[in-house]
1. Considering (1) closer than 27 Å to ASN163 by Cβ; (2) touching a Phe, Trp or Tyr at 6+ places or on another chain (Cβ under 6 Å), say which one GLU203 fails and leave the rest.
2. What number of residues within region 179-216 satisfy the criterion of being part of a loop (DSSP other than H, G, I, E, B) and among the small types (Gly, Ala, Ser)?
3. Within region 485-501, track down each residue that is among the charged types (D, E, K, R) and within 16 Å of the ligand (Cβ to nearest atom).
4. Residues in region 68-107 that are within 21 Å of SER478 (Cβ to Cβ) and either in contact with a helix residue (DSSP H, G or I) (Cβ under 6 Å, 6 or more places away or on another chain) or part of a helix (DSSP H, G or I) (or both): how many?
5. With (1) touching a helix residue (DSSP H, G or I) at 6+ places or on another chain (Cβ under 8 Å); (2) assigned by the TED database to the domain that holds ARG498 as the list, and TRP394 as the residue in question, which single condition is left unmet?
6. Look through region 195-217, keep the residues that are of a type in the set (D, E, K, R) and surrounded by 18 or more Cβ atoms within 10 Å (Cβ to Cβ), and return whichever of them is nearest to GLN273 (Cα to Cα).
7. Quick one: which of TYR241, TYR249 is touching a helix residue (DSSP H, G or I) at 6+ places or on another chain (Cβ under 8 Å) and among the aromatic types (Phe, Trp, Tyr)?
Amino acid sequence: MTTTAGTPHAHTRRSFLTRVGAVGGASALYGSMEALGLFASPADAATATPDFAPPRAADLPDSARARGTNVVILGAGSAGLAAAYELGKAGYDCTVLEARDRPGGRAKTIRRGDKLTDTDGVTQTCRFDDGLYFNAGPARIPNHHVTLDYCRELGVPIEALVNANAESLYYHENTSTTNYGELAGTAVTHRQAKADVYGYISELLAQAADQGALDTVLSADDAERLVALANSLGGLTGGRYAGNGRRGYVDAPGAGHDAGVVGTPPSMSAILQSQFGTRFAFEFGWDQAMMMWQPVGGMDRISAALAAAVGGKRRITYNAPVTQIDNRPDGVRVSYRHNGRTRTIDADYCVNTIPPMVLTNIPNNFAQATKDALAVPTGANTGKIGLQYGRRWWEEDDKIFGGITATNMDISGIWYPSSGFLSRKGVVVGYYSGSYSGLTVPDRAARAVEQGVKIHGAKYRDELETSFSIAWPKEPYSLGGWVNWPGGRGAAYDLLLRPDGRTYFAGDHLSYLTAWQAGAFESARLTVTALHERVAATAA
Ligand code: PHE
C-alpha cells in the first residue's frame with residue numbers, strides 16, 4: 001500500500017521504507033520477521049504495493065458491467081471477505097464459499113459454547129463464563145496496518161492492546177546449555193530489567209567516553225553529549241549506576257516522611273548473565289511497538305462486520321467445503337459439499353484464499369507449476385491456551401494490567417487480558433507456542449500451568465477454573481497458524497501472485513505481512529485490482 005496525498009492511508013509503505021532506510025537499514029526492521037522465518041531476505045521487500053483504489057463500476061465499459069461478472073470466492077477469512085467487500089463496491093456478483101460455520105478463518109475469538117474439532121477428531125467445548133474470551137489467532141493490530149482502516153470504515157470499535165507493560169515479567173530458567181546466573185528462576189519486572197540494563201550500559205558508555213576510549217570516533221563535544229545522554233538514559237549518579245526508582249521500590253514511597261526504599265541492583269555481571277536485555281528489542285519492532293489495538297469484544301468483530309457488509313448469508317454459504325476446482329476456458333467451476341449434497345457453481349472468475357496446505361488436498365486442474373508451487377509453503381506450528389481464572393490476581397496481587405510476561409520456558413509468554421480491567425474474572429493466554437500441538441488437551445493445560453506456577457506461584461494452578469486450547473496445525477481448514485516459505489519467498493511465491501487461468505490466489509501467505517490480518521487484506525486488494533483491470537481490459 002502506497003499512498004498519494006489525500007488517500008485515507010496516511011502512513012504509507014513507501015514512506016515507511018524511506019524512513020527505515022534513514023534509521024539504519026531495512027535489516028534492523030526485518031530482523032524479527034526473519035527470525036520467524038517469515039522473510040526471505042530484506043532485499044525482497046523492495047517492491048511496494050501499488051495504491052489501492054476500490055474498483056468502481058464506472059471503470060468498466062458497458063459491455064463489462066461488473067454486475068454481470070460473477071466471482072466465486074473461496075474462504076470467508078480476512079482475505080476472502082475483503083475481496084468480496086471491495087469487489088462488491090463495483091457491483092461484482094460475488095459468492096463466498098466457506099467450509100466452516102462462521103466467517104473469519106484464523107481470526108477466531110474463543111467464547112462460551114464454541115466447539116472445535118481438530119484433525120485428530122478431538123472436540124473441545126469452551127466453558128468460559130459468558131462475556132469472557134481470548135483471541136486464538138490474531139490478537140494485536142499495529143497502528144499502521146490497513147486493518148485499522150477497515151475498523152474505521154466498518155465502524156468496529158477498538159481499544160488498546162497492551163503489548164508492553166512495565167509491570168509484566170521476564171523469567172529465565174537455566175537450561176542444559178545456558179546459565180542465567182543469579183537471576184535464573186526469578187521473575188523480574190520489565191521495569192526493573194530495563195532500569196538495570198540501561199543503567200549498566202550507560203555506565204559503560206559514560207566511562208568509555210570519560211576515559212577517552214571513544215576519542216577516535218567522537219569529537220570532544222560529542223563525547224560530552226554522549227556522557228549527558230548516558231546519564232539521562234541510565235539514571236546514573238556520579239557516572240555510576242546504583243539503582244533508582246525506575247526499577248521500582250522494595251518499599252514504595254508514601255505520605256509524610258516515607259520517601260520509599262529503592263532496592264540495590266544486582267551486579268553488572270548478573271544483569272548481563274540474565275540476558276533480559278536481549279528481550280527488549282521485541283517491543284521496538286515496527287509491528288510490535290505500542291500503541292497496539294484490538295477490537296472491543298474480540299478480534300472476530302472485524303470479520304463479522306465484513307461479513308455483514310458483503311451481505312451476510314445472501315453472499316456467503318457456510319458449511320460449504322470445496323471439493324473440486326476446475327479452470328475452464330471461460331470461467332471457473334467449483335464443486336462443494338453442502339447439506340449432504342455436492343453442488344456446483346460456475347463463475348467468470350475465482351478468488352481462492354484457501355490456505356495452500358489445505359488447497360493441495362482439493363482436486364483441481366491447475367497447471368502443474370501451480371500445483372507444485374502450492375505444495376511449497378508449510379503450515380507454521382503455533383497455538384494458544386486460554387486460562388479462565390475466578391479472580392484477576394494478576395491485577396489484584398501483581399498490579400499487572402495487560403501486557404505480556406516473556407520467558408524462555410516453552411509457553412514463551414503469558415498474556416494478561418487488555419479488556420475487562422478491574423472486573424472479577426478474566427482469561428489469561430497461558431502459552432503462544434508450537435510446543436503444545438502434539439500434547440493432549442489436558443496435558444497442554446497441565447504443562448502450561450506447571451510453568452505459570454514457577455512465575456506466579458500456586459494461585460496459577462489453584463484459581464484456574466477452565467481452559468481451552470488451540471493447535472493451528474490441527475485446525476482442519478487452516479493446517480497451520482500461518483505459512484513458512486522454506487528457503488524464503490522464491491519462484492513458487494512469484495507464481496502464486498499470478499492467476500492460473502481465471503483463478504486468483506490471495507491470503508496473508510502472499511504478502512510480506514505473513515501472520516497478520518493486514519497481509520490478507522493487502523493481498524485481497526492487490527488481487528481485486530488485478531481482476532478488475534483484467535475485466536476492464538477484456539471488455540474494451
Ligand atoms: N502477528 C503475529 C503476532 O503478532 C505473528 C507475528 C509475530 C508476526 C511476530 C510477525 C512478528 O503474534
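1. Going through (1) closer than 27 Å to ASN163 by Cβ; (2) touching a Phe, Trp or Tyr at 6+ places or on another chain (Cβ under 6 Å) one by one, GLU203 breaks only (1).
2. The first filter runs over region 179-216 and keeps only residues part of a loop (DSSP other than H, G, I, E, B), leaving 179-180, 184-187, 211-216.
Now narrow it down to the ones that are among the small types (Gly, Ala, Ser): 184-185, 187, 212-213.
Summing the residues that are part of a loop (DSSP other than H, G, I, E, B) and among the small types (Gly, Ala, Ser) in region 179-216 gives 5.
3. Selection gives ARG489 alone.
4. Number of matching residues: 12.
5. Condition not satisfied by TRP394: (2).
6. Step by step, filter region 195-217, then rank; the result is ASP196.
7. TYR241
Let's see how each residue does on (1) closer than 28 Å to ILE362 by Cα; (2) more than 24 Å from the chain's Cα centre (by Cα):
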residue: GLY426; (1), (2): no, no
residue: GLY434; (1), (2): yes, no
residue: ASP443; (1), (2): no, yes
residue: VAL453; (1), (2): no, yes
residue: GLY457; (1), (2): no, yes
residue: SER467; (1), (2): no, no
residue: ILE470; (1), (2): yes, no
residue: GLU475; (1), (2): yes, no
residue: GLY480; (1), (2): yes, no
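The values are calculated or read from the model by the stated rules, or taken from the named source; none is laboratory data. Here the structure is a predicted model, which means the values were calculated and not measured. Don't worry about glycine lacking a Cβ; one is built from the backbone with ideal geometry, like all the others, and counts go over all protein chains shown.
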